[in-house]
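These notes concern the structure reproduced below.
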Amino acid sequence: MGHILPFLTLPKSQGSCYDGLSPFRAASAWRPTESSAMKFTKKTIVVVGIFAFLMLAVSIFLLRNDSFSKNYQKPKTGNIVESIYGLGTITSSQIFNLRTSVPVVVEQLFVEEGKLVKTGDLLGRFDQVTRKSPIDGTVTAVYSKLSELVNPQSIIMTVMNLKNLFIEVSLEQQSILRVQKGQKVLVSFENLRTEKYEGSVDSVYPRDNQFIVRILLDSWPKSILPGMTADVAILVGEKTNALLIPLKSIVAGEITRVRDGRKARIKIKLGLIDGDWGELIEGDILAEDELLVRGR
């Protein structure tokens, strides 16, 4: 006589897919529904669409960037002026520093800082010896006080002529070789940028391992004082009706020329340079040629 197995029931639990039926029915109870399959398909389409859009945007950007980085530009004929630029300092041409060769006591001071003096005016008395100003100018500094003992060669006071001015510019060796006396100079001052003042190179000389250019102006603004700075442009060359090429077209001393639809690499040599353009003095380039210019 056979044994009858009891029917196995599983307890129901929250969220369980079993309902007390056989394990085989329970295992086959879950299957993807039509709604979940449609949701999966829609998500896939959205993801693919976003990816395709990004790829298209990147392609457009690269194409536009390539078109910007490879432009063609023609030479031009015109005038060119080359300048050497520097920052200059305004200096007085007449400065008197009152000193003594022996120790002295300051007995009396006849001036104070900011006072205008003329040649022959009394400045002070030191050990019963009075000293006078040898120049017209302004007392810009008084370093000693009454009854003070002054050491030899110490500066007691300074008188400076604020009208006889010049500009000093320090340049590097490569630039100073192109500067000569008499060259025209354009100068602008801070807070006076809209006005340009003309002048000329007065002298070129070395000083303490520096190369100095002394510049004189035809006229000075009234508010300019020694110690102020100025932007200086020294005109070292000028040409008229020169063939000019864009500097952005030059790579390692060569340019890419397009003539009659054909490209060729041409070696060139420049003369004067002004801003973004240079004077062509050597190289087979015509005004109607097109030159490859890299960058925007």
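Miscellaneous remarks
- Separation between Cα centres of the range 210-274 and the range 92-130, rounded to whole Å: 49
- Point-to-point label distance, residue 101-residue 173, nm (Cα→Cβ direction, 7 Å offset): 4.1
- Cross-link pairs 132/163; 239/267; 76/267; 184/267; 115/196; 181/222 - those with Cα-Cα distance over 29 Å: 184/267; 115/196
- Inter-probe distance in nm under a simple model that places probes 7 Å from Cα toward Cβ, at residue 231 and residue 53: 4.7
- Theoretical gain in end-to-end length, residue 110 to residue 219 [0.36 nm per residue, Cα-Cα removed]: 35.9 nm
- Burial ordering of 126, 110, fewest other beta-carbon atoms within 10 Å first: 110, 126
- Footprinting exposure proxy for 89, 194 (fewest neighbouring C-beta atoms within 10 Å first): 194, 89
- Among 91, 44, the order by Cβ neighbours within 10 angstrom, fewest to most, reads 44, 91.
Computed from the coordinates by the stated procedures, all read-outs in this text should not be read as laboratory data. What you are looking at is a predicted structure, and each value in this text was computed from that prediction instead of being measured. Backbone-built Cβ (ideal geometry, glycine too); neighbour counts: all protein chains shown.
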